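Reviewing the structure listed below.
Derivation of every value follows stated rules applied to the coordinates shown; laboratory data play no part. It should be emphasised that the depicted structure is a prediction, and the values quoted were computed from it without experimental measurement. Quick reminder, even Gly has a Cβ in these numbers, built from the backbone with ideal geometry, and neighbours come from all protein chains shown.
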Amino acid sequence: MADNAGWPCETVIAAIREPSDFSGLPVVLDGVVNFAPPRWAERLAAAGRGLLFLDEISTAPPAVQAALLRVVLERVVGDLELPDGVVIVAAANPPEQAADGWDLSAPLANRFCHLDWEVDPAAFAQGIVGGWPAPAIPELPADWEDGLAEARALVSAFVSVRPGLACALPTDAARAGRGWPSPRTWDMASRLSSAALAAGASTEARTALVNGALGPGAGTEFLLWQEEMDLPDPETVLADPDTFVVPQRGDRAYAALSAVAAAVAARPTPERWQAGWKVVAKVGEGAPDVAAVAARTLARCRPAAAVAPPEIKLFAPLLKDAGLL
């Protein structure tokens with residue numbers, strides 16, 4: 001995949017590394033302790049982009065897994081920070097199939113999207129005779145993050161009705177070593193879902209990504225809930241707020257408002273900001289508690305040239321208490 005994308009790839013076998021290979025080797029220079037990064041990290045930093053492939057990660061001892069935490073999340077190796085263009089991918093056999101394998105620690109597992117690699121007998125039979133085709137690498141459009149606000153609004157609405165899934169660490173080590181819901185993986189799932197939609201990926205691929213980040217339980221529940229929402233496009237609503245019909249269900253109203261407010265916050269022009277207040281006021285007249293979060297979001301992203309609309313009076317006490325009025 002790296003070759004097909006034109007990226008340099010550095011393969012690091014985690015099982016045969018020491019913690020200092022990731023945290024950096026301490027070197028004293030002029031009385032100051034520096035943590036020297038390994039050569040593979042320096043090569044990736046010099047290239048400015050690439051793929052760091054951590055292989056056999058389930059056979060890495062707990063001390064090495066702990067040293068990997070900062071590498072995977074913050075892209076820091078020793079005193080060297082890897083560029084944003086470096087992608088980090090890991091691979092491993094399940095612990096029961098690995099030589100002296102361990103379950104991934106819960107903090108390390110929570111930093112990855114977990115995808116099972118299923119062997120397709122037909123593809124294997126064809127490939128072993130005719131060769132293996134190069135994988136097709138989808139390209140994200142430059143504006144793929146435009147849909148991120150809506151994806152995060154859906155997460156916000158779902159967690160508001162299922163607060164127990166905001167952070168739910170599994171009790172057994174095997175499940176804790178896979179995807180599980182936390183604030184980090186909810187944000188990961190929203191980014192992956194937005195990217196999959198922008199790239200035109202299949203529903204199966206998007207489901208695998210969301211379940212890989214959150215675990216199959218929370219991921220499936222979230223996707224089914226989202227499918228039942230049937231929410232309006234926030235951009236369509238902002239273009240003509242007078243046509244917005246307030247959903248009867250509280251969670252649908254919350255999700256629709258969150259998406260509209262997030263869309264305004266992503267591109268806060270005076271016209272969009274005014275339209276957003278019209279939508280929020282429609283819900284606030286009957287259910288001010290449902291509209292409260294969206295009202296605070298709009299208050300925080302007020303454009304410099306925008307004049308306060310009359311609808312804002314409905315939320316004046318709330319915004320005043322929050323220091324936003």
Placed amide H near Phe35: partners under 5 Å, 5+ positions off or other chain: Val27, Asp79
Rounded to the nearest 0.05, what FRET efficiency do Val307 and Glu235 have when you use their Cβ-Cβ distance and R0 = 25 Å? 0.65
Could you give the length gained on full extension between Trp132 and Arg70, defined as 0.36 nm per residue of separation minus the Cα-Cα distance, in nm? 18.8 nm
At 0.36 nm per residue, and after removing the present C-alpha to C-alpha distance, how many nm does the segment from Asp289 to Glu228 gain when stretched out fully? 19.7 nm
Once you compute Rg and the Kirkwood Rh from C-alpha atoms, what is the Rg to Rh ratio for the chain? 1.04
From the backbone phi of the stretch 10-17, what are the Karplus-calculated ³J(HN,Hα) couplings (6.51 cos²θ - 1.76 cosθ + 1.60, θ = phi - 60°) in whole Hz, Gly and Pro given as x? 10, 9, 10, 7, 5, 5, 10, 9
Placing +1 at every Lys and Arg Cβ and -1 at every Asp and Glu Cβ, with all other atoms neutral, what dipole size does the stretch 1-119 have around its Cα centre, in debye to the nearest 20? 280
Under the rule of at least 5 residues apart or a separate chain, name every residue whose amide H is placed under 5 Å from the amide H of Val87. Gly50, Leu51, Leu52
Nearest-0.05 FRET efficiency for Ala205 and Lys320, computed from C-beta distance (R0 35 Å): 0.15
Normalise the Cα radius of gyration of the stretch 227-325 by 2.2 N^0.38 Å (N = residues in it) and let me know the number. 0.98
Cβ charges +1 (Lys, Arg) and -1 (Asp, Glu), total dipole of the stretch 234-321, debye: 220
Across bins of 5 angstrom width beginning at 0, how are the C-alpha pair distances of the stretch 144-224 distributed, in whole percent? 3, 17, 28, 26, 16, 8, 2, 0
Nearest 5 is fine: what % of DSSP beta bridges in the chain come out antiparallel, could you say? 40
Net charge contributed by nearby residues that have their C-beta within less than 14 Å of Gly323 (K/R +1, D/E -1): +3
Angle check, please: helix 216-229 long axis (alpha carbons) against the longest principal axis of the chain (alpha carbons), in degrees 0 to 90, nearest 10. 30
When the Cα atoms of the stretch 148-302 are enclosed in a convex hull and the volume is divided per residue, what value in Å³ results? 108
Simple SL model, points at 7 angstrom along Cα→Cβ for Glu145 and Trp40; separation in nm is 2.9
Sorted by chain and then number, the residues having a modelled amide H within less than 5 Å of the amide H of Ile13, at least 5 places away or on another chain, are Asp55
Could you give each residue of the stretch 296-302 its phi-based ³J(HN,Hα) in whole Hz, using Karplus coefficients 6.51, -1.76, 1.60 with θ = phi - 60°, and x for Gly or Pro? 5, 4, 5, 4, 6, 10, 4
A correct Karplus calculation of ³J(HN,Hα) over the stretch 142-153, with 6.51 cos²θ - 1.76 cosθ + 1.60, θ = phi - 60°, whole Hz and x for Gly and Pro, returns 4, 9, 5, 6, 4, x, 5, 4, 5, 5, 5, 5
The farthest towards the positive end of the charge dipole of the chain, of the residues Cys9, Ala66, Gly131, given +1 on Cβ of Lys and Arg and -1 on Cβ of Asp and Glu, is Ala66
Within-15-Å neighbourhood charge of Ala45 [Cβ basis; K, R +1; D, E -1]: -2
Counting Lys +1, Arg +1, Asp -1, Glu -1, what net charge surrounds Leu231 among other residues with beta carbon under 14 Å of its beta carbon? -4
Size of the dipole of the chain about the Cα centre, Lys and Arg at +1 and Asp and Glu at -1 on the beta carbon, nothing else charged, in debye to 20? 1040
Between Asp120 and Cys9, what length comes free when the chain is fully extended (0.36 nm per residue of separation minus the Cα-Cα distance, one decimal in nm)? 37.4 nm
